[in-house]
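Structure first, then comments.
Read the figures in this text as sums done on the coordinates, not as results from a lab. Quick caveat: nothing in here was measured; it's all calculated off a predicted structure. Backbone-built Cβ (ideal geometry, glycine too); neighbour counts: all protein chains shown.
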There are 2 protein chains.
Amino acid sequence: MSGRLTVIGTGPGTPEQMTPEAQAAAASADEFFGYGPYLDRLSLRPDQRRHASDNREELARARLALERASAGARVCMVSGGDPGVFAMAAAVCEAIEQGPPEWRKLDVNVLPGVTAMLAVAARAGAPLGHDFCAISLSDNLKPWSLVEKRLAAAAGAGFVIALYNPISKARPWQLGRAFELFAGILPASVPVIFGRAAGRPDERIETVPLSKADPARADMATCVIIGSPETRLVERHGLPPLVYSPRFSRESA
Amino acid sequence: MSGRLTVIGTGPGTPEQMTPEAQAAAASADEFFGYGPYLDRLSLRPDQRRHASDNREELARARLALERASAGARVCMVSGGDPGVFAMAAAVCEAIEQGPPEWRKLDVNVLPGVTAMLAVAARAGAPLGHDFCAISLSDNLKPWSLVEKRLAAAAGAGFVIALYNPISKARPWQLGRAFELFAGILPASVPVIFGRAAGRPDERIETVPLSKADPARADMATCVIIGSPETRLVERHGLPPLVYSPRFSRESA
């Protein structure tokens, strides 16, 4: 048997948002690596082996998975959302670059998925309707000064901004600092969407103006989307407002 | 019968990358609106009515779909990729905002999908592995000066950049101008990925250094991804290189 490694994303959580391609890859794998809660989203058979690991051990997890594939196993690496967005595909590439030469001969495939910002945006309307960016607010892997530089550049140039990893017990102040920074650049009325667990039973989507954005509304499962000065709110009677960023811009640079 | 409008994305093209949720929405709809080639991706039944329209008529198409939903039809609006990324969800929101008050009472849902940059990134490795942005290079809907401002801001702040709508017969020079602008900001060695028809039989994924990026490699079906100065290439014997942007950054702002 020839080994292989397939890196898949489960989508935001509901099986209805996981692609048939990723589901087929999971069905044909022998061994699974990933953060426990993401592995829990799959319905594994008794003959499929599960290697759950903690959220922070990406590189070690990638190496173990590559070792097993190298030994002939059909391995599935499981991310939430899309595996290429702040997830395991980059860690697997990094492990291959640093690892033994034979890992460069392995059959490695990455399969795309629905990433959190797309799921949150869909529930709110179309806030990512014009140019946008995705920034991880975690300063575990990059200096905070670089995060601030990117936040300021994106807000100043009129991008809609999706924040991943907005807050955690170990990183309690960064989101509040980001809102302060935005308040110096963007109008107070810019819509901020706190999108938690989009598409899942415990989903919570809240939209508030930037001036009322409270970091305490976010947790580790939240994707926060900050509108641009052009992002609009369409009020609806008895329904949540639609939030959208027009395709058309009259703004000049 | 109570009307409704569901805005779906087919994903990049192969049915294996269209979510079960979007497939179920298509199966339960009566009428379909969208650009012809996207409607062609669905296997419609004889009882399902197809309203194909040209690529440039988004707002008129959205209004027609809302009229049909308002008249009681179960309507499906079809985008390629994800409907919220340079696609129909924003046009539908815009039409609701500008339309009659009863459109604000309609049952309108947007279902997320796999957008082109995620599909292209997956085939290349993990080029979107750190902070990234998506920019439409079309100046049909915004001034070119604003496009340039965003390109420069994103490249200067170290974002990986995904370009949608990079080139067309009516917009032949914009991609070349973007490459010139990047050449003044980014190292000549930065990887540029031309990702065409990712996941489809006619897929073509090419990676070249910025100094050799030729706009003629792109067409309307191409998503172009420009790496950051930290994006890396992992050469492999007999396989295409892996392109990835490390999760870890040593760069300071």
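Name the residue that is farthest from B:Ala89 (Cα to Cα), counting only residues in region B:7-59 that are in a helix (DSSP H, G or I) and touching a strand residue (DSSP E or B) at 6+ places or on another chain (Cβ under 7 Å). Write out each step before concluding.
Residues of region B:7-59 in a helix (DSSP H, G or I): B:15-17, B:20-27, B:36-39, B:58-59.
Restricting the remaining residues to those that are touching a strand residue (DSSP E or B) at 6+ places or on another chain (Cβ under 7 Å) gives B:17, B:22, B:25-26, B:36, B:38-39.
Working: B:Gln17: 19, B:Ala22: 14, B:Ala25: 15, B:Ala26: 16, B:Gly36: 17, B:Tyr38: 15, B:Leu39: 16 Å.
Across region B:7-59, the extreme among qualifying residues is B:Gln17.
Based on what the data block shows, is B:Glu94 in contact (Cβ under 8 Å) with a residue 24 or more places away in the chain, surrounded by 23 or more Cβ atoms within 10 Å (Cβ to Cβ), charged (D, E, K, R) and out of contact with any Cys (no Cβ under 6 Å at 6 or more places or on another chain)?
Numbers: in contact (Cβ under 8 Å) with a residue 24 or more places away in the chain: yes; surrounded by 23 or more Cβ atoms within 10 Å (Cβ to Cβ): yes; charged (D, E, K, R): yes; out of contact with any Cys (no Cβ under 6 Å at 6 or more places or on another chain): yes.
So B:Glu94 fits the description; yes.
Restricting to region A:155-172, name every residue that is more than 7 Å from chain B (Cβ to nearest Cβ), buried (at least 16 other Cβ atoms within 10 Å of the Cβ) and either in contact with a strand residue (DSSP E or B) (Cβ under 8 Å, 6 or more places away or on another chain) or without any contact (Cβ under 8 Å) to a residue 24 or more places away in the chain (or both).
Once the filter is applied, which keeps residues that are more than 7 Å from chain B (Cβ to nearest Cβ), buried (at least 16 other Cβ atoms within 10 Å of the Cβ) and either in contact with a strand residue (DSSP E or B) (Cβ under 8 Å, 6 or more places away or on another chain) or without any contact (Cβ under 8 Å) to a residue 24 or more places away in the chain (or both), region A:155-172 yields A:Ala155, A:Val160, A:Ile161, A:Ala162, A:Leu163, A:Tyr164, A:Asn165, A:Pro166, A:Ile167.
Could you count how many residues in region B:144-154 are facing chain A (nearest Cβ under 7 Å) and touching a residue at least 24 places away in the same chain (Cβ under 8 Å)?
1
Would you mind stating whether B:Leu66 is closer than 22 Å to B:Gly99 by Cα and assigned to a helix (DSSP H, G or I)?
yes
Quick test for you: out of A:Ala60, A:Ala52, pick the one residue that is surrounded by fewer than 18 Cβ atoms within 10 Å (Cβ to Cβ) and within 24 Å of A:Gln17 (Cα to Cα).
On inspection, the qualifying residue turns out to be A:Ala52.
Can you name every one of the strands (runs of 3 or more DSSP E) wholly within region B:70-169 that holds 1 or more residues which are charged (D, E, K, R)?
Passing ranges, in order: B:74-79, B:107-110.
Is region A:95-113 home to any residue that is under 16 Å from B:Arg247 (Cβ atoms), more than 10 Å from every other protein chain (Cβ to nearest Cβ) and within 16 Å of the chain's Cα centre (by Cα)?
Within region A:95-113, not a single residue is under 16 Å from B:Arg247 (Cβ atoms), more than 10 Å from every other protein chain (Cβ to nearest Cβ) and within 16 Å of the chain's Cα centre (by Cα).
Restricting attention to region A:213-253, and to residues there that are free of Cβ contacts under 8 Å to residues at least 40 places away in the same chain and within 16 Å of A:Pro166 (Cβ to Cβ), which single residue is nearest to the other protein chains (Cβ to nearest Cβ)?
So the residue we want is A:Ala221.
In the list A:Pro241, A:Pro191, which residue meets the criterion of being closer than 22 Å to B:Ala87 by Cα, surrounded by fewer than 18 Cβ atoms within 10 Å (Cβ to Cβ) and not charged (D, E, K, R)?
After ruling out the rest, the residue left standing is A:Pro241.
Checking the conditions here, which among B:Leu128, B:Leu141 is surrounded by fewer than 24 Cβ atoms within 10 Å (Cβ to Cβ), of a type outside the set (S, T, N, Q) and within 7 Å of another protein chain (Cβ to nearest Cβ)?
Details: B:Leu128 fails: surrounded by fewer than 24 Cβ atoms within 10 Å (Cβ to Cβ).
B:Leu141 is the lone residue from the list that is surrounded by fewer than 24 Cβ atoms within 10 Å (Cβ to Cβ), of a type outside the set (S, T, N, Q) and within 7 Å of another protein chain (Cβ to nearest Cβ).
Name, by its number, the condition in (1) in contact (Cβ under 8 Å) with a residue 24 or more places away in the chain; (2) more than 10 Å from every other protein chain (Cβ to nearest Cβ); (3) within 22 Å of B:Asn109 (Cα to Cα) that does not hold for A:Val208.
Evaluating A:Val208 over (1) in contact (Cβ under 8 Å) with a residue 24 or more places away in the chain; (2) more than 10 Å from every other protein chain (Cβ to nearest Cβ); (3) within 22 Å of B:Asn109 (Cα to Cα) leaves (1) as the failure.
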